[in-house]
Amino acid sequence: MSERVYIGLGSNLNHPERQLNDALQALAALPDTRLLMQSRFYASKPQGPQDQPDFMNAVCLLETDLSPVALLKALQQIEQSQGRIKKRHWGERLIDLDILLYGDQSIQTAELTVPHKEMATRDFVLLPLAEISPGRVIPGMGSVETLIAQLEQTFVVPWVALDSNQSA
Ligand code: ROI
């Protein structure tokens with residue numbers, strides 16, 4: 001049975017918009033998986049240490065027959081193949097792919113917690129999610145709009161390519 005799955009994407013190294021585009025292509029090419037929607041790209045201030053570049057973030061919606069664990073492994077493979085480097089906790093990264101929501105399932109295993117634990121307080125997840133899934137209720141947390149209203153501040157703006165030829 002296929003499920004609808006929301007994935008958070010983030011990058012702040014080596015042409016983040018290219019990293020996000022590459023990851024979206026790789027997600028669309030996963031077996032038994034379709035890429036149904038993707039948000040705009042958002043520029044965001046880092047949560048965590050401030051002495052790192054701003055991030056580019058997005059959220060996409062997949063429909064997949066992959067199990068949660070199979071999908072997690074697939075995301076880790078995409079991260080590895082794009083060259084995941086993790087320099088420090090809460091530090092800069094080439095590409096980070098997180099399972100935010102897997103249908104309306106709550107999953108708690110050693111490897112995987114869904115809904116993603118920190119999504120309720122992450123502006124860089126909530127704003128793009130609200131764009132592609134307005135009214136979405138996150139199990140145990142509330143609606144995406146309620147969560148956004150509870151943020152003290154947001155540091156996220158839609159990112160616009162000034163010259164589409166340049167970003168190609
Ligand atoms: N901050 C922002 N703005 N975007 C991210 O994707 C992101 N990812 C992270 C940490 C380092 C916590 N901060 C982030 O993993």
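The values are calculated or read from the model by the stated rules, or taken from the named source; none is laboratory data. The structure displayed is predicted, hence computed values, not measured ones. We place every Cβ from the backbone using ideal geometry, glycine too, and count neighbours over all the protein chains shown.
The single residue among ILE78, ILE107 that is farther than 27 Å from PRO134 by Cβ and in contact with a helix residue (DSSP H, G or I) (Cβ under 8 Å, 6 or more places away or on another chain) turns out to be ILE78. Taking the residues in segment 125-144 that are in a loop (DSSP other than H, G, I, E, B) and within 17 Å of the chain's Cα centre (by Cα) as candidates, determine which candidate is surrounded by the most Cβ atoms within 10 Å (Cβ to Cβ). Looking at the filtered set, the residue picked out is SER133. In a residue-by-residue description of segment 104-114, the property of being out of contact with any Pro (no Cβ under 8 Å at 6 or more places or on another chain) and surrounded by 15 or more Cβ atoms within 10 Å (Cβ to Cβ) applies to no position.
Would you mind stating whether ALA74 is touching a residue at least 60 places away in the same chain (Cβ under 8 Å) and among the hydrophobic types (A, V, I, L, M, F, W, C)? It is false that ALA74 is touching a residue at least 60 places away in the same chain (Cβ under 8 Å) and among the hydrophobic types (A, V, I, L, M, F, W, C). Looking across ASP51, ASP32, ASP65, one residue alone is at pLDDT below 95 and either surrounded by fewer than 18 Cβ atoms within 10 Å (Cβ to Cβ) or within 13 Å of the ligand (Cβ to nearest atom) (or both). It is ASP51.
Once segment 90-102 is narrowed to residues that are surrounded by 14 or more Cβ atoms within 10 Å (Cβ to Cβ) and assigned to a loop (DSSP other than H, G, I, E, B), the residue that is farthest from the ligand (Cβ to nearest atom) is LEU94. Taking the criterion of being within 16 Å of the ligand (Cβ to nearest atom) and free of Cβ contacts under 8 Å to residues at least 12 places away in the same chain, the only residue of segment 122-152 that qualifies is GLU152. Within segment 54-63, at least one residue is in a strand (DSSP E or B) and out of contact with any helix residue (DSSP H, G or I) (no Cβ under 8 Å at 6 or more places or on another chain).
If you go through segment 35-48 and keep only what is away from the ligand (no atom under 16 Å from the Cβ) and either under 16 Å from ARG93 (Cα atoms) or part of a loop (DSSP other than H, G, I, E, B) (or both), you end up with nothing. So is MET119 of a type outside the set (Phe, Trp, Tyr), under 24 Å from GLU63 (Cβ atoms) and within 14 Å of the ligand (Cβ to nearest atom) or not? Criteria met by MET119. Of the numbered criteria (1) within 15 Å of the chain's Cα centre (by Cα); (2) more than 14 Å from the ligand (Cβ to nearest atom), the one VAL59 fails is (2).
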